[in-house]
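First up is the structure itself, then whatever we jot down about it.
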Amino acid sequence: MPLPPFIEALAERDPEFYRAVKAVAETAMAPGALDAKTKTLITLALDAAHGASEGVAVLAKQARELGASEEEIREALRLAYFVAGNGVLAAGGAAYR
């Protein structure tokens, strides 16, 4: 999985930190209990929840290349909205205390 350009830019700006960040990314995305498609769908949902639209586009393309269906992508995005939206509802409850 290629790293985002803003991380790759660290290679020149801060090579030591780049190596550390790259190692974390490689560890997180390495084969394990979750397959590559599932990990990509999770990162897509997290990017969507953080408003990283460029990351969502790249990750959706990667997910499709890994065999993700449009329904799987839709469900990942629905989960991102559900989790992110619940934070608003939970915090909004403070208005009624």
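The values are calculated or read from the model by the stated rules, or taken from the named source; none is laboratory data. Remember, predicted model here, so these are calculated numbers, not experimental data. When we count neighbours, we look across all protein chains shown, and the Cβ atoms used for this are built from the backbone with ideal geometry, even at glycine. For the accessible areas, the whole protein counts, side chains as well, though only heavy atoms, and no ligand, DNA or RNA atoms are used. Shrake-Rupley method; radii C 1.70, N 1.55, O 1.52, S 1.80 Å.
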task: Being under 20 Å from residue 3 (Cβ atoms), open to solvent by 40 Å² or more (accessible area, probe 1.4 Å) and either in contact with a strand residue (DSSP E or B) (Cβ under 9 Å, 6 or more places away or on another chain) or β-branched (Val, Ile, Thr) (or both) is the filter here, so list the residues in region 43-97 that pass it.
output: 58
field: Any chance residue 23 is over 15 Å from the mean Cα position of the chain (by Cα) and open to solvent by 50 Å² or more (accessible area, probe 1.4 Å)
entry: no
- line: Log entry, pairs with first residue in region 42-68 being of a type in the set (Phe, Trp, Tyr), second being in a helix (DSSP H, G or I) and at pLDDT 95 or above, beta carbons closer than 6 Å, six or more apart or on different chains, reads none
- request: Report whether or not residue 40 is within 13 Å of residue 1 (Cβ to Cβ), open to solvent by 40 Å² or more (accessible area, probe 1.4 Å) and either of a type in the set (Ser, Thr, Tyr) or modelled with pLDDT under 95 (or both).
  value: no
message: I need the full set of residues from region 7-34 which are small (Gly, Ala, Ser) and assigned to a loop (DSSP other than H, G, I, E, B), in order please.
response: 9, 30, 32, 33
